[in-house]
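To start, the structure under review is shown below, and the notes come after it.
The values are calculated or read from the model by the stated rules, or taken from the named source; none is laboratory data. Just so you know, these numbers come straight off a predicted model, no measurement behind them. Counting neighbours? That spans all protein chains shown, and the Cβs are built from the backbone with ideal geometry, glycine included. When the accessible area is computed, the model is the full protein with side chains, heavy atoms only, and any ligands, DNA or RNA have been set aside. Shrake-Rupley method; radii C 1.70, N 1.55, O 1.52, S 1.80 Å.
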Amino acid sequence: MKKNVSFILLCIINLYFAQIGIYTPNPRGIFHIDGGKDNPATGMPTPTQQSNDFIVRASTEVGQGTISVGIGTNVPAERFDVANGNVRIREIANNVGGGSDKLIVADANGTLKVAGGDTFSNSNSGNRILNASDGATITADNDWNDNEFTILKLNEQYDPLNGYNPSTGEFIVPRDGLYYMYGACGFTTPSAGSGIFDGTSGDAFTALVVDGSRVATGHNVIHRGTKNPGTSANLYFLVTNATIWLKAGQKITVQFLTYGTSNMVGSLGDLQIDKVSSRFIINKIF
């Protein structure tokens, strides 16, 4: 009887400490599949040999549990570690997200995390990284051409990351992330009108441009001879904004265009860009 009990206990102990290997005599974890059948009989497989492996390890140093899984690696650094390739979920649910949902991003090491970020700021603090405005007034007779997008060059008011160049109007994205961008351009004509109001008009546009491609556009019509009594000027305030993912090194500008410019005013010198009323603002969400 005692011999039987001892044998059973020995079997239990062996099973407890056993490592199961499939296609390998040298399992590196509790359960190890060598898909390429190319691992050595002893020692750690090379990175190339590990690339076709699947392993389950007892890893007390990973996460809050004692088990970790690796695909393409024999030493998973997280509870679930894929050494290379993409993760795909077929037939993922199409349920609309709710306010409590979390946005998942990957860090530089490929580790998935819940996205962070500062509270959105309306002032020059928090996540604001650019506030540009003001500068000399420019006019349609000398400073831009009809039907041609022109970069709006504003003065730097707040630029903690030193990404904006007032001489070119370009902001260079400092790092990958989600950004909120706001552009506003103030078109003005004299309050007394310029020319006779006869229905003749032209189109004005303000656009946010990333690496030469427009990502958002605002539009208004300016009629010749329109008046705004009681003010020093007739202001057409064109606003556009966008929230998009940007890569480090991309260039952002605010641009404007007037089409049919000569139809807007009797004299091109009367159509102006008021930079005091213009803005270029960028917030980094995360």
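Can you pull the one-decimal nm distance between simple spin-label points at Ser123 and Glu91, each 7 Å off the Cα toward Cβ?
Between Ser123 and Glu91, the simple spin-label model gives 5.4 nm.
Less than 12 Å apart at the alpha-carbon level, and either on another chain or at least 8 residues along: which aspartates and glutamates does that give for Lys37?
Of all the aspartates and glutamates, those that pass the test against Lys37 - Cα under 12 Å, at least 8 places apart if same chain - are Asp53.
Determine which residues of the stretch 64-96 fall in the zone a paramagnetic label at Phe31 would reach in this model, i.e. backbone nitrogen under 13 Å from the point 7 Å along Cα→Cβ.
Label zone hits: 67-70.
Determine, for each peptide in 163-169, 108-114, the mean count of other beta carbons within 10 angstrom over its residues, then list the peptides with the highest first.
Descending packing order for the listed peptides: 163-169, 108-114.
Work out Dmax and Rg for the stretch 117-233 from the C-alpha atoms and quote the Rg first, both in angstrom.
17.2, 53
Quote the Stokes-Einstein diffusion coefficient, in whole µm² s⁻¹, for the stretch 233-286, based on the Kirkwood radius over alpha carbon pairs, a temperature of 4 °C and a viscosity of 1.567 mPa s.
Diffusion coefficient, whole number: 90 µm²/s.
Which whole number in µm²/s is D for the chain by Stokes-Einstein, with the Kirkwood Rh taken over Cα pairs at 25 °C and 0.890 mPa s?
Reported coefficient: 100 µm²/s.
Calculate what fraction, in whole %, of the accessible area of the chain sits on carbon and sulfur atoms when a 1.4 Å probe is rolled over the protein chains.
Whole-percent figure for carbon plus sulfur exposure: 52.
Counting only heavy atoms of protein chains, what accessible area per residue, in Å², does the chain have with a probe of 1.4 Å?
58 Å²
Take every DSSP beta bridge with both residues inside the chain and express the antiparallel ones as a percent of the total, to the nearest 5.
Antiparallel bridges make up about 90 percent of those DSSP assigns within the chain.
Between Thr66 and Gln250, what is the FRET efficiency for a Förster distance of 35 Å, r being their Cβ-Cβ separation, to the nearest 0.05?
0.20
Output the relative contact order of the chain, whole-number percent, from Cα pairs under 8 angstrom with separation of 6+ residues.
Relative contact order for the chain comes out at 18 percent.
Taking 0.36 nm per residue of separation and subtracting the Cα-Cα distance, what length does fully extending Ala115 through Asp198 add?
Answer, rounded to one decimal: 24.4 nm.
Take the cross-link list Lys251/Lys275; Lys113/Lys153; Lys227/Lys275 and give me the ones stretching past 30 Å between alpha-carbons.
Too far apart for the 30 Å limit: Lys113/Lys153.
Can you tell me the length gained on complete extension of the stretch Tyr259 to Asp143, counting 0.36 nm per residue apart and subtracting the Cα distance?
40.3 nm
Let me know the whole percent of all Cα-Cα pairs from the stretch 149-205 that are separated by more than 15 Å.
I get 67 percent for the Cα pairs in the stretch 149-205 exceeding 15 Å.
I'd like the projected area of the stretch 172-286, averaged over all directions, using the convex hull of its alpha carbons. Report it in nm² with one decimal.
7.4 nm²
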